[in-house]
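> I have a structure I would like to understand better, so I am pasting it below and will then ask my questions one at a time.
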Amino acid sequence: FAPALEQTGRSTVIVCGMEAHICVLQTVLGLLATGMNVHVAADAVCSRNPENAHTALELQRDAGAVITCTETVLFQLLGRAGTPEFKSIQARIR
(Lines give C-alpha, C1' and ligand atoms only; values in the text may rest on other atoms or scores of the structure.)
Protein backbone atom coordinates (compact mmCIF):
# COMPACT_ATOMS: atom_id res chain seq x y z
CA PHE A 1 0.00 0.00 0.00
CA ALA A 2 2.71 2.50 0.96
CA PRO A 3 4.60 2.35 -2.37
CA ALA A 4 1.37 2.73 -4.36
CA LEU A 5 0.32 5.69 -2.22
CA GLU A 6 3.71 7.31 -2.61
CA GLN A 7 3.49 6.98 -6.39
CA THR A 8 0.30 9.07 -6.44
CA GLY A 9 2.23 12.10 -5.23
CA ARG A 10 -0.63 13.02 -2.93
CA SER A 11 0.04 14.38 0.53
CA THR A 12 -3.46 13.97 2.01
CA VAL A 13 -5.30 10.73 2.78
CA ILE A 14 -8.89 10.16 3.85
CA VAL A 15 -9.29 7.14 6.13
CA CYS A 16 -12.32 5.04 6.98
CA GLY A 17 -12.67 1.45 8.14
CA MET A 18 -13.48 -1.07 10.81
CA GLU A 19 -11.98 -1.46 14.25
CA ALA A 20 -11.10 2.18 14.78
CA HIS A 21 -9.04 1.32 17.84
CA ILE A 22 -6.85 -1.26 16.09
CA CYS A 23 -6.60 -1.31 12.28
CA VAL A 24 -7.70 2.27 11.64
CA LEU A 25 -5.57 3.61 14.49
CA GLN A 26 -2.45 1.81 13.29
CA THR A 27 -3.03 2.94 9.71
CA VAL A 28 -3.52 6.56 10.76
CA LEU A 29 -0.43 6.54 12.98
CA GLY A 30 1.64 4.98 10.20
CA LEU A 31 0.49 7.54 7.66
CA LEU A 32 1.16 10.42 10.04
CA ALA A 33 4.65 9.04 10.68
CA THR A 34 5.38 9.36 6.94
CA GLY A 35 4.33 13.01 6.94
CA MET A 36 0.94 12.54 5.31
CA ASN A 37 -1.99 14.79 6.14
CA VAL A 38 -4.62 12.40 7.45
CA HIS A 39 -8.36 13.01 7.64
CA VAL A 40 -10.52 10.42 9.41
CA ALA A 41 -14.25 10.31 8.66
CA ALA A 42 -15.57 9.64 12.17
CA ASP A 43 -18.94 8.45 10.89
CA ALA A 44 -17.17 5.98 8.58
CA VAL A 45 -15.20 4.13 11.25
CA CYS A 46 -16.47 1.75 13.87
CA SER A 47 -15.50 -0.65 16.62
CA ARG A 48 -17.49 -3.44 18.23
CA ASN A 49 -17.51 -1.29 21.36
CA PRO A 50 -18.49 2.34 20.62
CA GLU A 51 -16.30 3.57 23.49
CA ASN A 52 -13.27 2.03 21.79
CA ALA A 53 -14.08 3.96 18.61
CA HIS A 54 -14.46 7.20 20.55
CA THR A 55 -11.15 6.69 22.35
CA ALA A 56 -9.40 5.81 19.10
CA LEU A 57 -10.63 9.00 17.42
CA GLU A 58 -9.29 11.03 20.34
CA LEU A 59 -5.92 9.29 20.02
CA GLN A 60 -5.87 9.94 16.28
CA ARG A 61 -6.69 13.63 16.77
CA ASP A 62 -4.01 13.93 19.46
CA ALA A 63 -1.51 12.36 17.04
CA GLY A 64 -2.30 14.96 14.38
CA ALA A 65 -5.14 13.58 12.29
CA VAL A 66 -8.09 15.74 11.31
CA ILE A 67 -11.31 14.16 12.55
CA THR A 68 -14.18 15.02 10.25
CA CYS A 69 -17.33 13.43 8.80
CA THR A 70 -18.20 11.92 5.45
CA GLU A 71 -20.47 14.76 4.34
CA THR A 72 -17.74 17.31 5.02
CA VAL A 73 -15.22 15.23 3.09
CA LEU A 74 -17.52 14.94 0.09
CA PHE A 75 -18.26 18.64 -0.16
CA GLN A 76 -14.65 19.65 0.49
CA LEU A 77 -13.57 17.39 -2.38
CA LEU A 78 -16.13 19.00 -4.66
CA GLY A 79 -14.76 22.43 -3.83
CA ARG A 80 -17.75 24.53 -4.78
CA ALA A 81 -21.54 24.53 -4.92
CA GLY A 82 -23.75 24.77 -7.95
CA THR A 83 -21.99 22.21 -10.12
CA PRO A 84 -23.73 19.10 -11.47
CA GLU A 85 -21.46 16.99 -9.24
CA PHE A 86 -22.44 19.02 -6.17
CA LYS A 87 -26.13 18.61 -6.95
CA SER A 88 -25.70 14.88 -7.49
CA ILE A 89 -23.95 14.38 -4.14
CA GLN A 90 -26.41 16.66 -2.38
CA ALA A 91 -29.33 14.59 -3.68
CA ARG A 92 -27.73 11.35 -2.50
CA ILE A 93 -27.06 12.45 1.07
CA ARG A 94 -30.50 13.89 1.79
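The values are calculated or read from the model by the stated rules, or taken from the named source; none is laboratory data. Computed from a predicted model, the values in this text were never measured in an experiment. So basically every Cβ, Gly included, is an ideal-geometry build from the backbone, and we count neighbours across all protein chains shown. Please note that ligands, DNA and RNA were not included when accessible areas were found on the heavy atoms of the full protein model with its side chains. Shrake-Rupley method; radii C 1.70, N 1.55, O 1.52, S 1.80 Å.
> Could you look at the chain and say what percent of its accessible area is carbon and sulfur, using a 1.4 Å probe and all protein chains? Kindly include the intermediate steps, with their values, before the conclusion.
Details: 3510 of 6360 Å².
Carbon and sulfur together cover 55 percent of it.
> Helix-derived [θ] at 222 nm for the chain: sum -39500 (n - 2.57) over DSSP H runs of at least 4, divide by residue count, nearest 500? Don't skip to the end; give the middle numbers.
Numbers: 5 runs with 49 residues, N = 94.
Helix contribution divided over all residues of the chain: -15000 deg cm²/dmol.
> Could you work out the relative contact order of the range 35-86, using alpha carbon pairs under 8 angstrom and six or more residues apart, expressed as a whole percent? Intermediate values should be presented prior to the final figure.
On the way: 38 pairs, mean separation 21.1, N = 52.
Contact order relative to length: 41 percent.
> Given a Förster distance of 22 Å, report the FRET efficiency between F75 and R10 from their Cβ-Cβ distance, rounded to the nearest 0.05. If you can, show how the numbers build up before the last one.
Working: r = 19 Å, r/R0 = 0.86.
Once the sixth-power term is evaluated, E becomes 0.70.
> Accessible area per residue, 1.4 Å probe, Å², for the chain: what's the number? Before the final figure, lay out the partial values.
On the way: 6360 Å² over 94 residues.
Using a 1.4 Å probe on heavy atoms only, each residue of the chain averages 68 Å².
> Give a residue-ordered list of calculated ³J(HN,Hα) values for the range 72-80 (Karplus: 6.51 cos²θ - 1.76 cosθ + 1.60, θ = phi - 60°; whole Hz; x for Gly, Pro).
4, 4, 4, 6, 5, 5, 5, x, 7
> Next question. Roughly how many nanometres apart are two label points built 7 Å out from the Cα toward the Cβ at S88 and Q26?
Modelled inter-label distance: 3.7 nm.
> For E19, E6, give the ranking by accessible area with the largest first, probe 1.4 Å. Present the calculation step by step, with values, prior to reporting the outcome.
Values: E19 40, E6 150 Å².
Descending accessible area places them as E6, E19.
> Sort the range 44-94 into rounded, prolate or oblate with this rule: let a ≥ b ≥ c be the square roots of the eigenvalues of the Cα gyration tensor; rounded if a/c is under 1.5, and if a/c is not under 1.5, prolate when a/b is larger than b/c, oblate otherwise.
On the way: a/c = 5.79, a/b = 2.13, b/c = 2.72.
Cα axes put the range 44-94 in the oblate bin.
> P(r) of the chain in 10 Å steps, Cα pairs, percent per bin?
16, 42, 30, 12
> OK, next. With a/c under 1.5 counting as rounded, go ahead and sort the range 7-48 into rounded, prolate or oblate using the C-alpha gyration tensor (a ≥ b ≥ c being the square roots of the eigenvalues; past the cut-off, prolate if a/b is larger than b/c, else oblate). If you can, show how the numbers build up before the last one.
On the way: a/c = 2.78, a/b = 1.83, b/c = 1.52.
Cα axes put the range 7-48 in the prolate bin.
> Among T55, N37, L25, whose Cα sits farthest toward the positive end of the charge dipole of the range 1-87 (+1 at Cβ of Lys/Arg, -1 at Cβ of Asp/Glu, about the Cα centre)?
Projecting each Cα onto the dipole axis, the largest value belongs to N37.
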